[in-house]
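Reviewing the structure listed below.
The values are calculated or read from the model by the stated rules, or taken from the named source; none is laboratory data. The structure presented is a predicted model; accordingly, all values stated were derived computationally and were not measured. Every residue, glycine as well, gets a Cβ built from its backbone with ideal geometry; the counts of neighbours run over all protein chains shown.
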């Protein structure tokens, strides 16, 4: 059971999250209206990175980034960022680091406060139980990549505890087939007990928000090219990301 201090901290942080998100969304809408059309995407990207950083600060997330210096500050071409998935915080961490948009679970669009923010952030939603939803998501990923954008995917499909990287869904790699893009592998490791394993997001949010801090390490690998088939690409990235998770874990250890 959470202590009184933990409950109070969780309530304060949740309220701060809501207020900060609504304020940021209002501000970016005004900025976009007064900005030239050609600059609106950059305005939106800058807003999103500030929003992600602000939420990480609110929730006391302390991240160690390993390997980021090896990456160019901007993508040389379209980028598919591929990572293991342990918490909704993964989304904030990688959007702050890479920008672009995320492939996410469909029900996120219905969540209070975060749902409208995710829609504003250009999130691609997918219901993995619905084949047609998956087909539409693959098309949207490919469209963003063709336009030279960055897309972040978590091909395990859901969150897990621990450092074992589960089997990858291959749809995102089908979307990238035949395109000249960078595949950026990422491995994420959290301090014990930080993963999203609760039955509801609300329960997970309350637990994470009640902690004094959450420590996480993000190991970024060198960009890779697409291989022959989506299966070969998925297998190669799975191996690389498993190694990066262990590298992140070593960086996170005292």
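Residue 195 meets the conditions (1) touching a helix residue (DSSP H, G or I) at 6+ places or on another chain (Cβ under 9 Å); (2) under 19 Å from residue 134 (Cβ atoms); (3) assigned to a loop (DSSP other than H, G, I, E, B) in every case but one. The failed one is (2).
Considering each residue of the stretch 79-98 in turn, none proves to be assigned to a strand (DSSP E or B), without any contact (Cβ under 8 Å) to a residue 60 or more places away in the chain and either under 14 Å from the mean Cα position of the chain (by Cα) or farther than 19 Å from residue 28 by Cβ (or both).
So, residue 176, is that one over 28 Å from residue 247 (Cβ atoms) and surrounded by 22 or more Cβ atoms within 10 Å (Cβ to Cβ) or not?
Numbers: over 28 Å from residue 247 (Cβ atoms): no; surrounded by 22 or more Cβ atoms within 10 Å (Cβ to Cβ): yes.
Considered against the rule, which asks whether it is over 28 Å from residue 247 (Cβ atoms) and surrounded by 22 or more Cβ atoms within 10 Å (Cβ to Cβ), residue 176 comes out as no.
Exactly one condition in (1) within 29 Å of residue 180 (Cβ to Cβ); (2) at pLDDT below 95 is false for residue 84; which is it? It is condition (2) that residue 84 fails.
Out of 194, 229, which single residue is at pLDDT below 95 and under 18 Å from the mean Cα position of the chain (by Cα)?
Working: 229 fails: under 18 Å from the mean Cα position of the chain (by Cα).
That would be 194, the only listed residue that is at pLDDT below 95 and under 18 Å from the mean Cα position of the chain (by Cα).
Looking across the stretch 51-67, the residues that are touching a helix residue (DSSP H, G or I) at 6+ places or on another chain (Cβ under 7 Å) and assigned to a helix (DSSP H, G or I) come down to 51, 52, 53, 54, 55, 56, 58.
Quick test for you: out of 13, 33, pick the one residue that is over 19 Å from residue 91 (Cα atoms), over 19 Å from the mean Cα position of the chain (by Cα) and not in a strand (DSSP E or B). Talk me through it step by step, then tell me what you get.
Values: 13 fails: over 19 Å from residue 91 (Cα atoms).
Step by step, each of 13, 33 is checked, and only 33 is over 19 Å from residue 91 (Cα atoms), over 19 Å from the mean Cα position of the chain (by Cα) and not in a strand (DSSP E or B).
Filtered by the rule that a residue be in contact with a helix residue (DSSP H, G or I) (Cβ under 8 Å, 6 or more places away or on another chain) and either in a helix (DSSP H, G or I) or farther than 16 Å from residue 88 by Cα (or both), the stretch 213-230 gives 219, 220, 221, 222, 224, 226, 227, 230.
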